[in-house]
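The values are calculated or read from the model by the stated rules, or taken from the named source; none is laboratory data. These numbers come from a predicted model, not from an experiment. When we count neighbours, we look across all protein chains shown, and the Cβ atoms used for this are built from the backbone with ideal geometry, even at glycine.
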Amino acid sequence: MNKHVLFSIFMTLFSWSFLNAQCDFVAPYTEDFEDAGALDACWIQSTSDDLDWEVNSGSSSYSETGPESAHGGTYYVHMNPPFQSNGQTASLLSPNIDLSNVTNPYLEFYYHMYGSGMDPDGSVAIDISSDGGTNWTNLWSRTGSQSNNWLSTNVSLSGYSGVVNFKITATISSGYYWLNHFALDDFSILATPTCRVHFILSHKKK
Ligand SMILES: [Ca+2]
Ligand SMILES: [Ca+2]
Ligand SMILES: [Ca+2]
């Protein structure tokens, strides 16, 4: 092996580890999907599914499904089902997020699930992995049309520590696929405020 080959192997490994290091985050962490209309470079489209999530702004194509605008800022991610996609899935993978610096971490995000086509079995699920994406555990899911509003949800991550990844999966209903618009925005991993903080604040007031 000559010097040039060795050098190019070194540079390939170096740039690979550098790129990955850029996608290692430490919670508290928020992804607001405000990346000029592109998917954040640290979020990955699964290839072991049928469809992709897309970044969108404004309203979706039909008024009977989907949000009118982002929850926060201009952009959000959505799954706007293509022609005859009944039963198909789309998964989006988060970067590495280290929970070590947050006490009683929890996941908070905003979702919009509205449309008669979501019944009976259109769904969104959030899974978590502690081993770099080999094994996944379901944290949260919703099935069927929920509300024509952005809804927030909090899920405790107190059973988890170290580096984790999240997977967001939309499954298009077996019903009317075109009224099956899923949207998500402001995905955060935060620390639960402790009772001690409340105690100190209320004590100071006296
Ligand atoms: Ca946003
Ligand atoms: Ca971003
Ligand atoms: Ca995909």
Counting only residues in the stretch 96-107 that are in a strand (DSSP E or B) and away from ligand 2 (no atom under 16 Å from the Cβ), the one nearest to the chain's Cα centre (by Cα) is identified as Leu107
If we ask which residues in the stretch 120-168 are crowded, with 18+ Cβ neighbours inside 10 Å, of a type in the set (S, T, N, Q) and over 15 Å from the mean Cα position of the chain (by Cα), their number turns out to be 1
Wholly inside the stretch 148-198, strands (runs of 3 or more DSSP E) that include 2 or more residues that are of a type in the set (Ser, Thr, Tyr) are 151-156, 163-171
Taking the stretch 33-50 and keeping only residues that are within 15 Å of ligand 2 (Cβ to nearest atom) and surrounded by fewer than 14 Cβ atoms within 10 Å (Cβ to Cβ), one is left with Ala36, Gly37, Ala38, Ala41
Of those in the stretch 44-66 that are in contact with a Ser or Thr (Cβ under 7 Å, 6 or more places away or on another chain) and within 13 Å of ligand 1 (Cβ to nearest atom), the residue nearest to Thr169 (Cα to Cα) is Ser57
Could you tell me whether the stretch 108-115 includes any residue that is part of a loop (DSSP other than H, G, I, E, B) and in contact with a Ser or Thr (Cβ under 9 Å, 6 or more places away or on another chain)?
-> yes
Residue count, the stretch 14-50, condition of a type in the set (Phe, Trp, Tyr) and either within 16 Å of ligand 3 (Cβ to nearest atom) or at pLDDT 95 or above (or both), comes to 4
Quick count over the stretch 60-80, residues being within 15 Å of ligand 2 (Cβ to nearest atom) and either part of a loop (DSSP other than H, G, I, E, B) or more than 17 Å from the chain's Cα centre (by Cα) (or both), is 5
Listed by first then second residue, the pairs whose first member lies in the stretch 63-92 and is among the charged types (D, E, K, R), whose partner is assigned to a loop (DSSP other than H, G, I, E, B) and away from ligand 2 (no atom under 16 Å from the Cβ), with beta carbons under 7 Å and at least 6 positions apart or on separate chains, are Glu64/Gly115; Glu68/Ser59
How many residues of the stretch 81-95 are away from ligand 1 (no atom under 16 Å from the Cβ) and in a loop (DSSP other than H, G, I, E, B)? The answer is 9
Item to complete: Inspect the stretch 51-59 for any residue being among the acidic types (Asp, Glu), more than 12 Å from ligand 2 (Cβ to nearest atom) and touching a residue at least 60 places away in the same chain (Cβ under 8 Å) and give the result as yes or no.
Response: no
